[in-house]
Each structure stands twice: as structure tokens, then as C-alpha cells.
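Each remark here refers to the structure printed beneath this line.
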Amino acid sequence: MSDQELHPLTKAVRTRSPKTLQNEHSTPLYLTSSFTFDEAEAMRAAFADETNDNIYSRFSNPNVDEFITKMCELENAEAGFATSTGMSAIFSSIFALLQQGDHLLCCSSVFGSTFTIVTKYLPKYGITCTLVPANDKAAWEAAVQPNTKMVYLETPTNPQLEVIDLEWAGQFSKKHKLILNVDNCFATPLLQRPTDFGADLVVHSATKWIDGQGRVMGGVIVGREDLVKEIYLFCRNTGPALSPFNAWVLSKSLETLDVRMQRHCSNALTLAETLQSDPNVSWVKYPFLPNHPQYEIAKKQMSLGGGVLCFEIKGGLEAGRKFLDNLNLLSVTANLGDSRSIASHPASTTHSKLTDEQRAAVGITPGLIRISAGLEKVEDIIADITQALAKSM
Ligand SMILES: *Cc1c(COP(=O)(O)O)cnc(C)c1O
């Protein structure tokens, strides 16, 4: 069977860099900063971009290339570049392609550091940005300017889990000739492939579900070859490269992403359904619950609902803080996408510096609890959350 006929999920298990003389079954670690050349001519050709030979690990490395190749296969993308963190991927994908005088359209509910980049740093370089509410299609249309170059969004959003219609976003971007750049961190390519709907670029924090065990940081950008080439040159010179060790961990993690995501998502759905009838919870939000405002869109573009859900604890801010203290099994940490279930309370932590009005504007209610469903038996997750809820009233 030729390589072309294999399913992307099979490739995520089987793709690997060429074997060394040791014939090892698993990919070894290539801990080397540079690569040697036997002849001056080979080195000249590599520097002239006439070959794909590795030169220096800031540019490329076999472990990093293996991870990028698998991500391109899973995201159905032409090319990619891997970075040290999700934020360096997001930063590079914007700064490599936009310049002074350009305008960016950005969804108003994006990851906190992304929000800081587009509102604080882009303007310093003469790039303007308009923030648009995720699902206000008229506002997206009205915000387009003659100098608009890129649309940036994430779906589902963090932590409110709003879902943006990717088919619509693809058509909107095409109509206005804009680059569509999608943060696919929450869904992973296993649940949703933005390129199928016309996304030109897909960015990831590989730190979350892709690693899946809270061990390493990483990021990746995949998409249209011409755009990725620009981003590659920007990164090759500015240096946000992914370390070979982290790439090795992340590439191994992709072998199990499919089975892990199925369990994360079924645990999240069962938990969401159970919490709907908990007397201490006023509402539950999860993309695959029929009462989610964009349930139909979620069903159209996602194969499963994802590993994150949120709910409002009755009793607001104080009950939310007590809830964290009363948990025995779940971890209390700001991360998500781990084999261990995690609870967080945005109003008293990640979003505590905002005013009440600012929090309300981004949907952070006082008793909002975000859960990242892990891989434990769902009965144990439910039991811990239910007892902590009861004790927090
Ligand atoms: C965590 C996260 C990021 C940032 O990724 P890092 O790897 O922490 O730099 C970006 N987008 C989303 C949606 C995230 O959850």
C-alpha cells in the first residue's frame, strides 16, 4: 500500500523520520544544534535552498520535522512550522504577514495573551485591529476596511465555549480576500479541520490536548504553502523554534491523540449532562448539549464536543472559591488539556484583574467554573465535583 492511501490517523501513528544505521523502531532524539556537510558543494546547495538538508536546529531538525509532518497530515495542510509555545506560533503567524498600515479583524473572545498581542503590541507597529463579537455576522461585515488583511478567530472559545461557524468564516474571508487564521487548540484536528472550511492558516498551542499530559510547551502553524513560507523565514530569523526534545514528546503524543480525545470528550459530555440536574448549578455550557446557543453549528463542524465544559455555581464568587478548596481529586491549575481533570475559577484567577463590567462583557460570570475533563473514570470525576458543589453552598 502506498503512503498516499493511508488514513491521516494511521499516518499520525506511523509517520517517522528515516531510520538511522541502528534500525531503531522508535524515532531517536536528535539533540544537535547544527548539522555537518561532507562537501563544500552540499553546504552551498543547502544554503541556496536547493536541497532540504538540515543546517541548524533554529531552522529545522528531524524531530521537529516529524511533528510538523504529522500535524500537516492531520490538519490537511500543505506546510507548517513548529514553535516553542502556542503564543509564539500565534505571534509569528500575525507579525510575519502583516505590516504597518494593515488592519486585522479579531474575534473579541480570544485567548488572553492573544488579546494582549492584538490590542497592545500590534498598534505599536502601526497595525490596527478591530475586535468583533464572535457571532455577530453583521458586525464582522461592517468592520471590514480597505486595508484589512487577516481574520483571526478561535472556536470553541475559552472559557465561554462559544462556537463560530467556520463555513461562514471561510466564505466571509474569501469574499473579502482576507487571510483566515484559526486557533484550533480547543478542538484539535481530531474534532475539527478548519482548512476544510477555507482556513488559510491554523495555529495551535500544542501544550494542551496535543501533548495531553501537561509536560511540555509547544506550538505549531500549518496552512497554505506561500503563507507558511513567509512565516518560516520570519521564524528562522527571529528564533521561536521548538526544541527537539519537546518535538519528540509531541510527536509521540500524536500517536494517541485519537483515543485520548474520544475519552476526554465522552467524559466531558457525561459530566455536562449530569451537572445539568445538579441542584447547586444554575447552568451548564458544552458545545454538544442541545441547549448550547450554537449547538447546530457545533454538530455541523465538530465530530465531538471537546474536552472542556463550564458551569455556573449557585452562590457566585464566594461559592466558586470554596468549590476549588473542596475538590479532592481534580487539580486546581490554570492549564487544560491534561490526562488529569482540572477545575478553574476565572473570576478569582485568570480574569481577576478585569472590572466587573469587563468580565461581564467577555462572559465571565462570578460563579463560572471551567472543567477540563481528564482521562479518569468519569464516575470518580462526577463524584468529586458533586461533593465539592454540595459543600460550597
Ligand atoms: C493555551 C492557549 C494558547 C497559548 O498557548 P501556550 O502554549 O500557553 O503559549 C493559545 N490559544 C489557546 C486557545 C490556548 O488555550
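Bear in mind that the values in this text are calculations on the coordinates, not laboratory data. Keep in mind that what you see is a predicted model, and the values were worked out from it rather than measured. Cβ coordinates were reconstructed from backbone atoms using ideal geometry, including for glycine residues, and neighbour counts include every protein chain displayed.
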Using a Förster distance of 25 Å, how high is the FRET efficiency between Glu167 and Lys11, based on the Cβ-Cβ distance and rounded to 0.05? 0.45
The equivalent-ellipsoid semi-axes of the chain, taken as the square roots of five times the Cα gyration tensor eigenvalues and listed largest first in whole Å, are 36, 26, 18
Using a Förster distance of 45 Å, how high is the FRET efficiency between Glu141 and Ser331, based on the Cβ-Cβ distance and rounded to 0.05? 0.60
Against the longest principal axis of the chain, how steep is helix 316-326, in degrees 0 to 90 to the nearest 10, with axes from Cα atoms? 70
If each of Ala360 and Trp283 carries a label point 7 Å out from its Cα toward its Cβ, how far apart are those two points in nm? 1.4
If you put +1 on each Lys and Arg Cβ and -1 on each Asp and Glu Cβ, how big is the dipole of the chain around its Cα centre, in Debye rounded to 20? 820
Electrostatic dipole magnitude of segment 100-198 [Cβ: Lys, Arg +1; Asp, Glu -1; Cα centre; debye, to 20]: 340
Leading residue at positive end of dipole, the chain (Cβ point charges), from Trp209, Pro28, Ala388: Ala388
To test your reading of the geometry: what angle, between 0 and 90 degrees and rounded to tens, separates the Cα axis of helix 166-175 from the longest principal axis of the chain? 50
Inter-probe distance in nm under a simple model that places probes 7 Å from Cα toward Cβ, at Asp226 and Lys120: 3.5
Mean projected area (nm²) from the convex hull of Cα positions in segment 258-392 is 7.8
To the nearest 20 debye, what charge dipole does segment 1-129 have about its Cα centre, counting +1 at the Cβ of each Lys and Arg and -1 at the Cβ of each Asp and Glu? 680
Please report how far the C-alpha centroid of segment 30-93 lies from that of segment 174-252, rounded to the nearest whole angstrom. 14
Going 7 Å from the Cα of Lys177 along its beta-carbon direction, which residues of segment 216-233 have the amide nitrogen within less than 18 Å of the resulting point? 226-227
What FRET efficiency comes out for Lys314 versus Thr350 if R0 is 25 angstrom and r is the Cβ-Cβ distance? Round to the nearest 0.05. 0.70
Chain lengthening between Asn23 and Gln276 when straightened (0.36 nm per residue, less Cα-Cα): 85.7 nm
Beta carbons within 10 angstrom, averaged per residue: use that to sort the peptides 158-164, 89-95, highest first. 89-95, 158-164
What do you get for the angle between helix 378-391 and the principal long axis of the chain? Use alpha-carbon atoms, 0 to 90 degrees, nearest ten. 40
Do the sum for the chain: with -39,500 (n - 2.57) for every DSSP H run of n ≥ 4, divided by all residues, what is the mean residue ellipticity at 222 nm, to the nearest 500 deg cm²/dmol? -11000 deg cm²/dmol
Residue span Glu376 to Thr128: 0.36 nm per residue of separation minus Cα-Cα distance leaves a gain in nm of 84.8 nm
Extended-chain gain in nm, criterion 0.36 nm per residue less alpha-carbon gap, Asp49 and Asp196: 49.9 nm
